[in-house]
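Engineer: Have a look at this one.
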Amino acid sequence: MLFPFMKDIDEDDALLESFFDGMKETNANPGVPLLCKNDPLIREFASSKLCRLGEKKEQRVKDVDNVRTKVRTVGRLLKQLHQNNEAKSPLSEFITGMNFMKVLNATKNISLESDSPQLALTIGHYIKHIALLKSSIGVQTEDEQMIKEARHFTELYNAHWNDRVSCVAKRRQQMRHINKPTKVPLTSDLIKLKDWLLQQLRNVIKVENPTRVLWEKAANMAMVRIAMFNKRRIAEVSEMKVTDFTEMEAQDDIDSEIYNALDMSEKILSKRCGIV
């Protein structure tokens, strides 16, 4: 009777091994991938984030890499905790009421060293989720000590994290935003870029047997053109698939009442543009 469940566990372990094998070493934070791979609580965190992606056919190109980035961030926190403390304990041993301030100070140190207020906010979200995961593991294993440690950590988090970390990071972000000038490209430059892109794309279309390099160049130019038109971030446009365009809503499906309420220019645009 246990065989189906054991099979699921084996499949999850294989998926996690493949996931961690895909994490690359970096010069800035060496050893983090191995640290993440060997830590039970970080593995549980990674597994929960991967489950949110759903079926592989429903995933975007960079979904798994985005999860790796989140897991790497938690690994950086654990590495900082090891640097601040002599004991190389697993993350679970830091998710206790006694060690709450160590986690808080390590988060502040990483944020300051990276000069990134957003990093402190991000770690705050992750560490709260990790405390819940530790509590859930304790419930499943009937480990009252683990449940108690996670609960005490969460109580301290709710009492102190916002005042000591989140508010400070948000204030620093706001001050930077106020003092940072906004650079807007000239309209004439945007027109020149648009005309150049369209001309280059027309030239590529005329080529009967394009090479791989030429195709990639055309794909990048098309991506830039879409980003300019929709004012979307490149990361969002780069995750679009060909099927998103082939299966996009037809312009003929527009509700007649809505269409009749549009002015002339909006009607023309609705005929020219599709909803992806």
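Residue by residue, here is whether (1) assigned by TED's automatic domain parsing to the domain that holds HIS152; (2) in contact with a His (Cβ under 9 Å, 6 or more places away or on another chain); (3) within 30 Å of ARG172 (Cα to Cα); (4) not small (Gly, Ala, Ser) holds:
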{"residue": "SER18", "(1), (2), (3), (4)": "yes, no, no, no"}
{"residue": "ASN29", "(1), (2), (3), (4)": "yes, no, yes, yes"}
{"residue": "ILE42", "(1), (2), (3), (4)": "yes, no, yes, yes"}
{"residue": "LEU53", "(1), (2), (3), (4)": "yes, no, no, yes"}
{"residue": "LEU77", "(1), (2), (3), (4)": "yes, no, yes, yes"}
{"residue": "ASN109", "(1), (2), (3), (4)": "yes, no, yes, yes"}
{"residue": "SER114", "(1), (2), (3), (4)": "yes, no, yes, no"}
{"residue": "LEU119", "(1), (2), (3), (4)": "yes, no, yes, yes"}
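Engineer: Kindly establish whether ASN99 is under 25 Å from the mean Cα position of the chain (by Cα) and more than 19 Å from ALA46 (Cα to Cα).
Structural biologist: no
Engineer: Of everything in the stretch 70-88 that's basic (Lys, Arg) and in a helix (DSSP H, G or I), which residue is nearest to the chain's Cα centre (by Cα)?
Structural biologist: Per the criteria, the residue is LYS70.
Engineer: Can you pull out the helices (runs of 4 or more DSSP H) entirely within the stretch 132-251 that have at least 3 residues that are surrounded by fewer than 10 Cβ atoms within 10 Å (Cβ to Cβ) and modelled with pLDDT under 90?
Structural biologist: 167-179, 187-206, 242-246
Engineer: Then there is this: With the requirement that a residue be of a type outside the set (A, V, I, L, M, F, W, C) and touching a residue at least 12 places away in the same chain (Cβ under 8 Å), what does the stretch 66-81 give you?
Structural biologist: Scanning the stretch 66-81 gives ARG68, LYS70, ARG72, THR73, GLY75, ARG76, LYS79, GLN80.
Engineer: Please go through the stretch 91-128 and give me each residue that is surrounded by fewer than 22 Cβ atoms within 10 Å (Cβ to Cβ), aliphatic (A, V, I, L, M) and in a helix (DSSP H, G or I), ordered by number.
Structural biologist: Selection gives MET101, LEU104, ILE110, LEU112, LEU119, LEU121.
The values are calculated or read from the model by the stated rules, or taken from the named source; none is laboratory data. Every value quoted in this text rests on a predicted model; they were computed, and no experiment measured them. Glycine also receives a Cβ, built like all others from the backbone with ideal geometry; neighbour counts cover every protein chain displayed.
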